[in-house]
Amino acid sequence: MRATDILTLSPLRKHDDLALLALRLMVGAFLIWGVWDNIESPARVAEFETFLARHGFPYPGFMAPLSVWAQFLCGAGLVLGLLTRWAGLVCAINFVVAILMVDMHQGIRGAFPSACLVLIGLYLATHGPGRFAVDSLFGGGGKRR
């Protein structure tokens, strides 16, 4: 092993697909968990509609289920590695809207989780899901370098 390998930790690159799988599984599961109560309960969706109306969203009766299902489908796509680039892009857009409409009023601490999801979504949209994904069966796993 060369000194530069030790300094840059470049041998870890051989595990990048595993790290990407772990990232996709964690974020995807989090997105699904975050909206599951809205999928199971019409009362929770109604609460979410009220929340959106209070924060000035147009058409909260339409936007609430749209956001819930977008988040759920993004989460499922990330877990499976299916349409991962699309899931990443939709995730990023969804959480940019969350930041602009709600989180920015809470300061950096309030906006940080959504900002992380924006950046993770953009990373997955631009880099793809890696080798351990349904997308890779169709040539969509993506080479990241």
Check whether at least one residue in the range 38-56 is under 22 Å from Leu137 (Cβ atoms) and either under 17 Å from the mean Cα position of the chain (by Cα) or basic (Lys, Arg) (or both), and report yes or no. no
Can you confirm whether the range 53-65 contains a residue that is outside any helix (DSSP H, G or I) and surrounded by 17 or more Cβ atoms within 10 Å (Cβ to Cβ)? yes
Taking first residues from the range 93-119 that are among the acidic types (Asp, Glu) and second residues anywhere that are part of a helix (DSSP H, G or I), the pairs with Cβ under 9 Å that are 6 or more apart or on different chains are Asp103/Phe95; Asp103/Gly110; Asp103/Ala111; Asp103/Phe112; Asp103/Pro113; Asp103/Ser114; Asp103/Ala115
Tell me whether the range 19-27 contains one or more residues that are surrounded by fewer than 18 Cβ atoms within 10 Å (Cβ to Cβ), touching a residue at least 24 places away in the same chain (Cβ under 8 Å), outside any helix (DSSP H, G or I) and on the phi < 0 side of the Ramachandran plot. no
If I ask for residues that are modelled with pLDDT under 95 and either aliphatic (A, V, I, L, M) or buried (at least 17 other Cβ atoms within 10 Å of the Cβ) (or both), which ones from the range 102-126 would you list? Val102, Asp103, Met104, Ile108
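The values are calculated or read from the model by the stated rules, or taken from the named source; none is laboratory data. Because the structure is predicted, anything quoted here is derived from the model rather than measured. FYI the Cβ positions are ideal-geometry reconstructions off the backbone, even for glycines, and counts take in every protein chain you see.
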